[in-house]
Amino acid sequence: MPGILSLLTSLPAWAETHRLALPQVVEFALQNNGDLNAFREEKGIREAGKTRAGLLPNPTLELEGGTGALTGSSAENSLSLGVSQEFFLAGKREKRLAIAERELEMFRWQLADRERVLREEVKRAFYDVVLAEQRIALADRFIALNRQLLDVAKERLAAGDIPELEMNLVKVELARSEGARIDVEKALTLNQAKLRTLMGPSHGESPKIAGAFTTEISMSKGLGDLKPLAAEKRPDLRALEVEKGRGEADITLARAERIPNLTAGLAVKRDNTAIEVGGVEGKDTAYTIGLRLSMPIPLFDRNQAGVQEAKAKRNSTESRLLAAIRNVEQEVETACASYLNSEKVLSLYKTNIIPQLEENLNLTQEAYRLGEVGILAVIQEQKKFFEINEGYLAALHDRQSALVRLEAAVATDLSGGAQ
């Protein structure tokens with residue numbers, strides 16, 4: 001068992017550069033992931049919407065001129081200069097600001113949910129790399145065993161104890177183990193590339209990782225505790241709740257928009273007139289100041305369609321929220337069951353399989369050295385050693401991945417602290 005544990009915790013050198021542990025890898029990804037940073041920039045769109053909602057309409061400048069030149073009264077003319085302003089009634093401006101605030105709050109929860117999803121993806125990719133690295137360490141161990149066996153076979157062949165066929169069988173196994181290592185290296189390269197893509201490093205950077213599977217995990221919370229925790233912590237549920245509140249605000253605004261806005265205008269007018277009396281033309285200039293109020297009459301359109309649309313959107317959000325709550329509960333149940341099953345599989349390896357594995361291999365190797373068993377028995381035992389250890393690594397990886405999925409489903413680090 002100590003030999004197996006030391007094998008699982010030893011990682012091959014990836015590079016001589018500084019290695020990042022899992023918390024550092026997650027933090028690096030949250031800061032540098034391209035898709036996440038692009039979504040963060042969309043906050044400016046929501047802020048612009050809030051700014052727009054708080055603005056008043058621009059005033060309108062009105063300029064009007066008239067002349068009597070075309071009608072034979074060239075001395076008569078008029079000039080009018082006015083300014084009009086539209087005013088929101090029924091508190092529309094405040095209601096639009098309230099909707100814009102909810103848009104911003106909804107964006108913050110959506111961003112938190114994207115971070116939750118990215119955190120899960122990065123952790124799973126991280127442990128995929130760890131699995132590939134430890135499989136390489138196991139493949140190196142298997143190659144070393146075959147080389148040792150080849151040395152023993154050469155000694156026994158030189159002593160005339162075995163036929164040359166036995167040594168050739170060992171050479172074949174050695175070549176197969178070396179080929180298996182190449183396949184694992186390919187998988188490691190692909191997993192590293194996936195992790196680097198999620199991390200989104202800057203040009204020229206290639207962060208390396210340092211990590212291992214946790215052999216012992218203590219989780220005190222049961223399914224009954226995890227469901228309400230997920231309902232409280234999941235940011236996608238919070239985003240839908242805020243969207244539902246925005247739907248209520250949309251209905252309030254749509255009802256307020258039944259009342260038209262008031263437009264008030266102020267104008268200064270100058271009129272030049274000419275009057276001819278006894279062959280003498282007299283001119284007169286008059287200035288007037290006028291106030292104009294205008295408002296559409298809500299006779300046919302009382303924004304019935306707007307209210308109906310806002311209610312439909314609110315109802316749709318309510319339905320999506322209820323469905324999302326059920327889906328989250330199902331997701332937690334599935335993730336919890338998967339984690340418990342992976343714990344059972346791992347327990348079988350720890351209690352019934354792994355403890356005797358190393359001892360059986362050593363005894364078989366020694367028996368072959370003494371000529372008590374044939375080469376096929378050693379080859380089979382070494383294959384069993386390799387396959388069982390691969391299964392053990394897969395069980396460790398499955399348990400770790402199941403825990404990552406469960407933490408993502410609950411949106412909480414089950415070792416303490418919200419994600």
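What follows is calculated from the coordinates using simple rules that are stated; it is not laboratory data. Predicted model only: the values in this text are computed from it and were never measured. Please note: Cβ atoms are built from the backbone with ideal geometry, for glycine as well, and neighbour counts cover all protein chains shown.
Report yes if Ala254 is in a helix (DSSP H, G or I), surrounded by 14 or more Cβ atoms within 10 Å (Cβ to Cβ) and more than 22 Å from the chain's Cα centre (by Cα), otherwise no. Spelling it out, Ala254 is indeed in a helix (DSSP H, G or I), surrounded by 14 or more Cβ atoms within 10 Å (Cβ to Cβ) and more than 22 Å from the chain's Cα centre (by Cα). Picking from residues in the stretch 346-387 that are touching a residue at least 40 places away in the same chain (Cβ under 8 Å) and in contact with a Gly (Cβ under 9 Å, 6 or more places away or on another chain), the one that is surrounded by the fewest Cβ atoms within 10 Å (Cβ to Cβ) is Glu358.
Of the residues in the stretch 321-340, not one is polar (S, T, N, Q), exposed (fewer than 14 other Cβ atoms within 10 Å of the Cβ), free of Cβ contacts under 8 Å to residues at least 40 places away in the same chain and not in a helix (DSSP H, G or I). Regarding the stretch 239-251, can at least one residue be identified that is outside any helix (DSSP H, G or I) and surrounded by fewer than 18 Cβ atoms within 10 Å (Cβ to Cβ)? Within the stretch 239-251, not a single residue is outside any helix (DSSP H, G or I) and surrounded by fewer than 18 Cβ atoms within 10 Å (Cβ to Cβ). Kindly indicate whether any position in the stretch 157-168 is in contact with a helix residue (DSSP H, G or I) (Cβ under 8 Å, 6 or more places away or on another chain), in contact (Cβ under 8 Å) with a residue 40 or more places away in the chain, over 30 Å from Asn33 (Cβ atoms) and buried (at least 17 other Cβ atoms within 10 Å of the Cβ). Yes, the stretch 157-168 contains at least one residue that is in contact with a helix residue (DSSP H, G or I) (Cβ under 8 Å, 6 or more places away or on another chain), in contact (Cβ under 8 Å) with a residue 40 or more places away in the chain, over 30 Å from Asn33 (Cβ atoms) and buried (at least 17 other Cβ atoms within 10 Å of the Cβ). Suppose we filter the stretch 40-62 for residues that are assigned to a helix (DSSP H, G or I) and either under 21 Å from Ile99 (Cβ atoms) or free of Cβ contacts under 8 Å to residues at least 40 places away in the same chain (or both); how many remain? Here the count works out to 13. Here is the figure for the stretch 54-87: residues that are among the hydrophobic types (A, V, I, L, M, F, W, C), touching an Asp or Glu at 6+ places or on another chain (Cβ under 9 Å) and closer than 19 Å to Asn261 by Cα total 2.
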